[in-house]
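> Before anything else, here's the structure in question.
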Amino acid sequence: MVMAEKTDVKEKIVEAVKDTTSLKAKLDDLNAKKEEWFKKKEELKDKIAELIKKVKDVKSNNDTFSDKIKKFKEEREKHNKAVRVLIEKIKEINEKKKAQLIKLDIKNPSAIIKEVEKLETDLETQALSFNKEKQLMKKIKDLKKKAAKVKDLDVLLTESKDLSKKIDDAKKKAEEFHNKIKETVKENKEGYKEFNSLSKEINKVKKEQEDAFDKFIKYKQEFSELNKQLKDDQKVKKTHKEKVEEKKKAARKKKQQSDDKKIEEKAKGVEEKIKKKKVLTTEDLIAFQGTHDE
């Protein structure tokens with residue numbers, strides 16, 4: 001019965017050792033995976049930092065171009081605004097000029113001057129009758145009176161001409177800045193492409209880093225749970241081992257007590273033999289010696 005118990009205990013110990021070895025192997029495997037994904041996460045973190053540095057450099061360069069474009073747009077808008085203001089002014093002047101012409105019943109003021117000049121030339125160069133010359137002179141006089149009334153239009157015509165020139169100049173300036181904007185955008189086209197490419201790459205690597213971090217957390221949790229299980233198992237096995245040792249110690253003590261009792265009984269038997277002066281055997285002498293050694 002005792003042998004059966006000992007065998008059972010040994011088998012349990014062997015099985016416990018196997019379980020512990022298996023758990024440790026799994027723990028080592030989880031730890032390796034955990035560290036692998038942590039390393040991957042850190043590598044991706046460094047890669048993101050490097051990409052962010054690059055995108056900042058590109059953005060800084062793009063910002064320089066953006067500032068130039070912004071200034072060019074401001075200049076273009078300034079000249080376009082000037083064009084709009086000037087157009088409103090020239091519209092007002094043209095309206096005044098139109099009103100004057102209607103009032104004076106004149107369609108083309110410059111044509112009056114040309115007609116006066118032509119009639120004066122005819123008067124000087126052609127041989128005319130007295131009546132014809134008189135009629136011509138009267139017509140010239142009437143036209144000159146009419147032209148005198150149109151003098152106020154000269155100011156409007158001059159102002160209209162000046163405004164027209166200013167409008168053309170402002171349009172030209174606006175077009176110049178518009179072309180500068182197009183050239184600047186074209187010049188930094190690659191910069192914008194690189195910025196977009198780097199931004200996409202950052203988002204991609206961030207996703208990879210998140211996946212790596214999730215796997216790191218997963219294996220870390222599994223590692224912690226298995227490590228706790230291993231410690232709990234070891235604690236249970238230690239308690240079991242201590243109980244086994246206590247039983248062995250108790251068994252040894254019990255055997256010792258049994259052996260001591262047997263020796264004591266033998267010693268008493270030897271003492272009886274001595275009292276009765278009987279012959280002592282070698283076994284009797286050993287038993288008797290054993291009691292005295294104690």
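The values are calculated or read from the model by the stated rules, or taken from the named source; none is laboratory data. Fair warning: this is a prediction, and the values are worked out from it, not measured in the lab. Please note: Cβ atoms are built from the backbone with ideal geometry, for glycine as well, and neighbour counts cover all protein chains shown. All accessible areas refer to the heavy atoms of the entire protein, side chains included, with ligands and DNA or RNA removed. Shrake-Rupley method; radii C 1.70, N 1.55, O 1.52, S 1.80 Å.
> Under the condition of being at pLDDT 85 or above and of a type in the set (Lys, Arg), which residue from the range 192-230 is farthest from Asp28 (Cα to Cα)?
Once the filter is applied, the top-ranked residue is Lys200.
> Turning to a different aspect of this structure: Can you tell which of Leu119, Leu128 is out of contact with any Cys (no Cβ under 7 Å at 6 or more places or on another chain), surrounded by 11 or more Cβ atoms within 10 Å (Cβ to Cβ) and assigned to a loop (DSSP other than H, G, I, E, B)?
Leu128
> If you don't mind, there's one more thing I want to ask. Sort out which residues of the range 186-217 are over 22 Å from the mean Cα position of the chain (by Cα), surrounded by fewer than 15 Cβ atoms within 10 Å (Cβ to Cβ) and touching a residue at least 24 places away in the same chain (Cβ under 8 Å), and write them in order of number.
Answer for the range 186-217, where residues must be over 22 Å from the mean Cα position of the chain (by Cα), surrounded by fewer than 15 Cβ atoms within 10 Å (Cβ to Cβ) and touching a residue at least 24 places away in the same chain (Cβ under 8 Å): just Glu187.
> Based on this model, can you work out whether Lys277 counts as assigned to a helix (DSSP H, G or I), without any contact (Cβ under 8 Å) to a residue 60 or more places away in the chain, exposed (fewer than 15 other Cβ atoms within 10 Å of the Cβ) and not acidic (Asp, Glu)?
no
> I would also like to ask the following. Restrict the check to the range 66-76 and report whether at least one residue is among the acidic types (Asp, Glu), open to solvent by less than 90 Å² (accessible area, probe 1.4 Å) and at pLDDT below 80.
Within the range 66-76, none of the residues are among the acidic types (Asp, Glu), open to solvent by less than 90 Å² (accessible area, probe 1.4 Å) and at pLDDT below 80.
> Does Lys220 count as touching a helix residue (DSSP H, G or I) at 6+ places or on another chain (Cβ under 6 Å), under 30 Å from Thr20 (Cβ atoms), open to solvent by less than 90 Å² (accessible area, probe 1.4 Å) and basic (Lys, Arg)?
Criteria not met by Lys220.
> OK, next. Do the conditions hold for Glu36, that is, is it surrounded by 12 or more Cβ atoms within 10 Å (Cβ to Cβ), out of contact with any strand residue (DSSP E or B) (no Cβ under 8 Å at 6 or more places or on another chain) and modelled with pLDDT of 80 or more?
yes
> Within the bounds of the range 242-252, is there any residue that is under 30 Å from Leu30 (Cβ atoms), at pLDDT below 85, assigned to a helix (DSSP H, G or I) and not small (Gly, Ala, Ser)?
yes
> So Lys73 fits all but one of (1) more than 28 Å from Lys189 (Cα to Cα); (2) among the basic types (Lys, Arg); (3) touching a Phe, Trp or Tyr at 6+ places or on another chain (Cβ under 9 Å); what number is the exception?
Every condition holds for Lys73 apart from (1).
> From Ala99, Ala111, which residue is modelled with pLDDT under 75, in a helix (DSSP H, G or I) and closer than 22 Å to Ser164 by Cα?
Answer to the selection: Ala111.
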